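Scroll down for the structure; my scribbles are underneath it.
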Amino acid sequence: LTMKKLVLLIVLVGISGGIWYFEAQKAEQAKEGDSEISIQKMGKEDKARQYDMAKELVGTQGFINAEPFELADHIGKKVILIDFWTYSCINCQRTTPYLNAWWDKYKDKGLLIIGVHTPEFEFEKDYDNVLAAVKKCGIEYPVVQENNYSTWQAYGNRYGPRKYLIDIDGFIVYDHIGEGAYEETEMRIQELLNERMIALGEEGKIAEKITEEKAN
């Protein structure tokens, strides 16, 4: 009798464990699904509780590849990637090919890249030097020259390069410091472009093959 009870107990424990496992799997799958569309599900009030609003471009000295503009001109229309960089920084130089690739792939799908050039040295403050560097690097997206660190400070930034992703509602929903995380960043770009497409009632397909990481 004792052995029968022991066997029954083991069976019950096994059944309970199996139920727990499958329920846990279902919960994890649901969690992953929610993560994929979490931004799309969030309203502006929900975002405001979780994210900071993008800061305006301030203290600018010059614009390359664009006429003077404000960030507010594009909120509600574009997904915006702000890249703080300076042209003599080797780490910044290594990220440029990815930014160029993203610009080529997504500029017609709602992505605006803005390179905020914040110089480290005096010679990097010269507009002609920055213009020459932009041409040499093959940069075609807008570059904003800000020699006095006004926008840099507005974002509370301390690093270069640093990328901030701003969704269609104007919230900073992702940022990355330094090199790397290119696949992760591009996936977030695609996610925000999908959100934009839905918000604006547009049709199409955003997802493309992720840009392969280049060897330095």
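Hey, among Asp52, Asp83, which residue is out of contact with any helix residue (DSSP H, G or I) (no Cβ under 9 Å at 6 or more places or on another chain) and on the phi < 0 side of the Ramachandran plot?
After applying the criteria, what remains is Asp52.
Among the residues in segment 148-160, are any at negative phi, of a type in the set (Lys, Arg), in a loop (DSSP other than H, G, I, E, B) and free of Cβ contacts under 8 Å to residues at least 24 places away in the same chain?
Yes: segment 148-160 contains one or more residues that are at negative phi, of a type in the set (Lys, Arg), in a loop (DSSP other than H, G, I, E, B) and free of Cβ contacts under 8 Å to residues at least 24 places away in the same chain.
Output the number of the condition that Ala72 fails; it satisfies all remaining conditions of (1) closer than 23 Å to Asp167 by Cα; (2) in contact with a Ser or Thr (Cβ under 7 Å, 6 or more places away or on another chain).
(2) is the only condition that Ala72 fails.
Could you check, for segment 85-104, whether at least one of its residues is among the aromatic types (Phe, Trp, Tyr), open to solvent by 10 Å² or more (accessible area, probe 1.4 Å), out of contact with any strand residue (DSSP E or B) (no Cβ under 9 Å at 6 or more places or on another chain) and touching a residue at least 24 places away in the same chain (Cβ under 8 Å)?
The answer is no; no qualifying residue exists.
Given Val143, Val79, which one is in contact with a Gly (Cβ under 6 Å, 6 or more places away or on another chain), surrounded by 15 or more Cβ atoms within 10 Å (Cβ to Cβ) and under 21 Å from Glu184 (Cβ atoms)?
Val79
Quickly run through segment 105-126 and pick out the residues that are in a helix (DSSP H, G or I), open to solvent by 10 Å² or more (accessible area, probe 1.4 Å), closer than 25 Å to Glu202 by Cβ and in contact (Cβ under 8 Å) with a residue 12 or more places away in the chain.
Result: Lys105, Lys107, Lys109.
Name the single residue that is surrounded by the fewest Cβ atoms within 10 Å (Cβ to Cβ) among those in segment 48-59 being modelled with pLDDT of 95 or more and not aliphatic (A, V, I, L, M).
Looking at residues that are modelled with pLDDT of 95 or more and not aliphatic (A, V, I, L, M), I get Glu56.
For Asn129, state whether it is of a type in the set (S, T, N, Q), open to solvent by 10 Å² or more (accessible area, probe 1.4 Å) and not in a loop (DSSP other than H, G, I, E, B).
Criteria met by Asn129.
Looking only at segment 181-202, which residues are charged (D, E, K, R) and more than 14 Å from Asp108 (Cβ to Cβ)?
Hits for segment 181-202 are Glu183, Glu184, Glu186, Arg188, Glu191, Glu195.
Given the criteria open to solvent by less than 50 Å² (accessible area, probe 1.4 Å), small (Gly, Ala, Ser) and assigned to a strand (DSSP E or B), does Gly138 qualify?
no
So how many residues does segment 186-209 have that are more than 19 Å from Lys47 (Cα to Cα) and open to solvent by less than 40 Å² (accessible area, probe 1.4 Å)?
2
Report the residue count in segment 163-194 for those that are on the phi < 0 side of the Ramachandran plot and outside any strand (DSSP E or B).
Here the count works out to 17.
The values are calculated or read from the model by the stated rules, or taken from the named source; none is laboratory data. Bear in mind the structure is a predicted one, so any value in this text is a computation, not a measurement. Cβ coordinates were reconstructed from backbone atoms using ideal geometry, including for glycine residues, and neighbour counts include every protein chain displayed. For accessibility, only protein heavy atoms count, side chains too; no ligands or nucleic acids. Shrake-Rupley method; radii C 1.70, N 1.55, O 1.52, S 1.80 Å.
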